[in-house]
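Peer 1: Pasting in a structure now, in structure tokens, and then I'll have a few things to ask.
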Amino acid sequence: MFGWRDLKAVVRWLPTDSALLRSMDPDNSRWQLSHHLLADITESLRWLVWSKTPDAQQGRNRPQPITRPGVKSDREHIGTATGVDQMNTFLDWGT
């Protein structure tokens, strides 16, 4: 007899490229471990080629990393600065 516990075990240990997991999480199921490793190799080779250029000696035009689904970027996001007066007002600090 096949029970709920058996079904849970089957679903839990499905291969990452199974149709059920692809339908449940389509964004993250497209990239398997091999895809992430290939992206790492590609980025390493792009960086190695760039490192031998005059741009690398100047520290500019660094190759952009390959965007991976489900992985947040660790790059710094630069925005606009807020003035001290605006921050004091926002924090409700009396000056």
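Peer 1: Give just the number: which of (1) modelled with pLDDT of 80 or more; (2) assigned to a helix (DSSP H, G or I) does residue 66 not satisfy?
Peer 2: Failing condition for residue 66: (2).
Peer 1: For residue 89, state whether it is of a type outside the set (A, V, I, L, M) and modelled with pLDDT under 85.
Peer 2: no
Residue by residue, here is whether (1) out of contact with any strand residue (DSSP E or B) (no Cβ under 7 Å at 6 or more places or on another chain); (2) modelled with pLDDT under 90; (3) basic (Lys, Arg) holds:
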| residue | (1), (2), (3) |
| --- | --- |
| 6 | yes, no, no |
| 29 | yes, yes, no |
| 34 | yes, yes, no |
| 40 | yes, no, no |
| 46 | yes, no, yes |
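Peer 1: List every residue pair whose Cβ atoms sit under 9 Å apart, with the two residues 6 or more apart in sequence or on different chains, where the first one lies in the range 19-40 and is surrounded by fewer than 13 Cβ atoms within 10 Å (Cβ to Cβ) and the second, anywhere, is modelled with pLDDT under 80 and in a helix (DSSP H, G or I).
Peer 2: Correct list of pairs: 23/29.
Peer 1: Residue under question is residue 73, and the condition is that it be under 29 Å from residue 7 (Cβ atoms) and at pLDDT below 90; does it hold?
Peer 2: Taking the combined requirement at face value, the residue does not satisfy it.
Here's the yes/no breakdown for (1) within 30 Å of residue 64 (Cα to Cα); (2) out of contact with any His (no Cβ under 7 Å at 6 or more places or on another chain); (3) in a helix (DSSP H, G or I):
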{"site": "1", "(1), (2), (3)": "no, yes, no"}
{"site": "6", "(1), (2), (3)": "no, yes, yes"}
{"site": "14", "(1), (2), (3)": "no, yes, no"}
{"site": "17", "(1), (2), (3)": "yes, yes, no"}
{"site": "22", "(1), (2), (3)": "yes, yes, yes"}
{"site": "27", "(1), (2), (3)": "yes, yes, yes"}
{"site": "35", "(1), (2), (3)": "yes, yes, yes"}
{"site": "43", "(1), (2), (3)": "yes, yes, yes"}
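The values are calculated or read from the model by the stated rules, or taken from the named source; none is laboratory data. Keep in mind the model is a prediction, meaning the values are calculated, not measured. Every residue, glycine among them, receives a Cβ derived from its backbone with ideal geometry; neighbour counts consider all protein chains shown.
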